[in-house]
Every structure is written in structure tokens, then in C-alpha cells.
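We did not get these values from a lab; they are worked out from the coordinates using the rules stated. Since the structure is predicted, the reported quantities are computational estimates derived from the model, not experimental observations. Reconstructed Cβ throughout: ideal geometry from the backbone, glycine too, with neighbour counts over all protein chains shown.
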Amino acid sequence: MKQPRRGERNVAYTVPKLKEFSPTALDKAVEKLLSALEQESSELGNGDERKAFRDRWLARKDGILTQINELWLKPAPKDAKREVGQRVNKLKGEVEAKVEAALVQQPGINSEFAIDISLPGIRRPIGAEHPIIRTQNEIISVFKNLGYSVAEGPAIETDYYNFEALNFPPNHPARDTQDTIFIAGQESKPQRDRLLLRTHTSPVQIRSMEKMKPPLRVVCPGKVHRNDAPDATHSPIFHQVEGLAVDTNITFCDLKGTLDHAMKALFGSSVKTRFYPSFFPFTEPSADVQISCIFCDGTGTRDGAPCRNCKASGWIELLGCGMVDPNVYGFVGYDPAKLSGFAFGMGVERIAILKYGVDDIQLFFNGDVRFLEQFG
Ligand SMILES: [Zn+2]
């Protein structure tokens, strides 16, 4: 028996020269060819083999079908030509169909020709909401239920919107409390037009007041940037949800009631809030809000040991707020004599860390699927 050449499968079929061209002889030759094709089809392997198989049978230059033309049809005597021609044509169609069918049906690996519709499809796992987006949406929905609308603004802001209109005059020391990332090459512009990455979403409050007449209730969610070196509690990127309510006769009581309700909605109805004097340029008076520690129920001790989450104080500082400074109304054409309002702002990461017991803020940003999967 003829040995297969190196690199070939154990296939012996070569197109024979025909000694005679009678129908019986043709039948025999065709039968041999088709059974060889059958055999080869059943042994098909991977992509390279499939390509070789296809070329071997169908290649225009010296594929088996071309050889049949050369070795069977061309040498046929004149009186048999018509008969042989018809047989060869029929055979060609048959071989082409069988080759293509073999390539399609065989479930090969890495086959560039084969598509096996019985194989399972490529699974595209359904993603989950990122814990930051989920928390942000949760905060937003609390305020939406109180009648707030949502406003968004640009992440790259001018000095005017990020600082000046929020009552941070140029060179005011309060600017130093927000380590700002400035856009390079802005020196030729007046200071108020220079661009920076917003350090808070408060500029959206200014933009909202410019666009809308009071009464106004908006929350402004979004990404903000500070020039902080990344560690377990700091990140140069984080998210805020700020809120603003302006109307006639809005008092500090409204502010306290609103935030107390929001904290209970986010952390459970047993959570208490307390307000501490603080300072922000755009609110007066200003306050920091603490919630009773959700890990030790405000007792300061947990499992007989001092609670680490609140440093045994029973309280966790969570957000800043205050009554809108009348100066701010001056920048947006509101009448400070008639209007009053409050503003507040909270860090989304801070709230997500508490809600989900995350111990490193970097986990939110380094895209590790093992971390993110837990929120699916
Ligand atoms: Zn605690």
C-alpha cells in the first residue's frame, strides 16, 4: 500500500488515468473517488487540516477536480467526450457539495471554515452595576422621592464655577483645602476662565441656579478630582452627590429634617444624626453631619472591644452642609433678601464603604472582577 507522505493524513487517493471510458469504467472510478472523499471527510481534524483538505479537492490549480478535467475529460475519445463531460460535471457538483458539507458539519477545533450550530454559543456574562454607581443611584432616589430633580455638569470646569461663584475669592485660603488638579497651559487666560478638574459638584449648583428660577431642588451627582495620593482612604477620583434647595422661608430645620430622613433611608431607620459647626465658603452657617455608628449601633463598643469604625466614639462623620451663603445668590441673580436655601454634599465612596464594609477605596477603581462580582 502506498505510504502517506509526511504531513499528510493517511490518504491514498490520487486521480488515476483512465484506460477506458465506458460507463462501467467511469462508474468504478467515480465510486472510488467518492469513497476516498468520504473517508477523508470523516477524518477531518483542525483548521489547518481542513484548509489542506479543501485545497486538495477544490484548488483551481491542481486540486482533484482540476485533475479530473486533465486526466479524465481531456483524454476522452471523441465519441465518449459528451458522456464523460456530463459525468465529470455531475461529479464536480457532487464533490464540491460534499467537501463544503464536510467542512461545515465536522465540529473541529479552530476551524476557520466550520460553524457547528449545535455547539453552545459564546456566553456573554451579564454585567452588574458598579457599587459606586449603585450607591450613587440609591442616594439620588432618596432625594428624587423628596421631589428633587437631577442636574449634571462638566467634569472640566472653569475657576469661576468651581471657586469664584461659590464664594472662594481668588487667593482665598479656603482654596488650599481642595488640592486642585489644574489643566496646563491656561496662564494666558484671566484666572476665572482657567480650566481645572472640578473638585466638587458644587459648580453644577451654580449652573442650575443660572438656568432655573426658584423654587429649586436639585441633586448633582458626578465624578470629581483632587490631587490626593491614592491610599486606602484617598483617591484622585471620587464621586459626590450634592444637593441644593432654594425657596422662600427655608430654614436650618428643613435642612436637618431632610438629611436626617436621607440618612435613615440609606442606613436604616435606627440611625441618628447630629450636626457640628463647620466652615464652607458657600454656606453660612455650615455644619458637618455625623451619623450614629452603624457597626456598633452608636455604643462605641463592639464585641466587648472599642469599635474601630467609629474609633469608639459611636459617631461617624459623613457629610457637609449648611445654609446657602447670601453672597452666592449674588452670582446667579437670585434675591438674597427674599430667598433662603440649604446645600449639602456627600462622598459616594464614603457611603459605599460603610454600606458594603469595603476597607480600601482603591478597590472601587482597579477593575478587579473578583471584587466587582460580589455586587452582581
Ligand atoms: Zn462604632
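The residues of the stretch 29-77 that are in a helix (DSSP H, G or I) and among the basic types (Lys, Arg), listed by number, are LYS32, ARG50, LYS51, ARG54, ARG56. Looking at VAL99, VAL84, VAL88, just one residue is within 16 Å of PRO23 (Cβ to Cβ), among the hydrophobic types (A, V, I, L, M, F, W, C), surrounded by 14 or more Cβ atoms within 10 Å (Cβ to Cβ) and touching a residue at least 60 places away in the same chain (Cβ under 8 Å), and that residue is VAL84. One residue stands out in the stretch 248-276 among those that are over 19 Å from SER340 (Cβ atoms) and over 35 Å from the mean Cα position of the chain (by Cα): the one that is surrounded by the fewest Cβ atoms within 10 Å (Cβ to Cβ), namely SER270.
Has the stretch 288-295 got any residue that is within 16 Å of the ligand (Cβ to nearest atom) and of a type in the set (D, E, K, R)? Checked against the condition, which is being within 16 Å of the ligand (Cβ to nearest atom) and of a type in the set (D, E, K, R), the stretch 288-295 yields no hits at all. From the list ASP260, ASP228, ASP247, pick out the single residue that is more than 16 Å from the ligand (Cβ to nearest atom) and touching a His at 6+ places or on another chain (Cβ under 6 Å). Exactly one residue qualifies, and that residue is ASP228.
Summed over the stretch 126-161, residues that are in a helix (DSSP H, G or I) and closer than 28 Å to ASP360 by Cα total 13.
Would you mention how many residues in the stretch 280-315 are β-branched (Val, Ile, Thr) and touching a Cys at 6+ places or on another chain (Cβ under 8 Å)?
Qualifying residue count for the region: 4.
Yes or no: ILE316 assigned to a strand (DSSP E or B), in contact (Cβ under 8 Å) with a residue 24 or more places away in the chain and near the ligand (Cβ under 8 Å from one of its atoms)? Yes, satisfied. When residues in the stretch 122-169 are screened for being touching a strand residue (DSSP E or B) at 6+ places or on another chain (Cβ under 6 Å) and small (Gly, Ala, Ser), 4 of them pass. In the list GLY322, GLY298, GLY304, which residue meets the criterion of being within 16 Å of the ligand (Cβ to nearest atom), in contact with a Ser or Thr (Cβ under 6 Å, 6 or more places away or on another chain) and either over 30 Å from ILE126 (Cβ atoms) or of a type in the set (S, T, N, Q) (or both)? Only one candidate qualifies: GLY298. Here GLY63 clears all of (1) without any contact (Cβ under 8 Å) to a residue 12 or more places away in the chain; (2) surrounded by fewer than 14 Cβ atoms within 10 Å (Cβ to Cβ) except the condition numbered (2).
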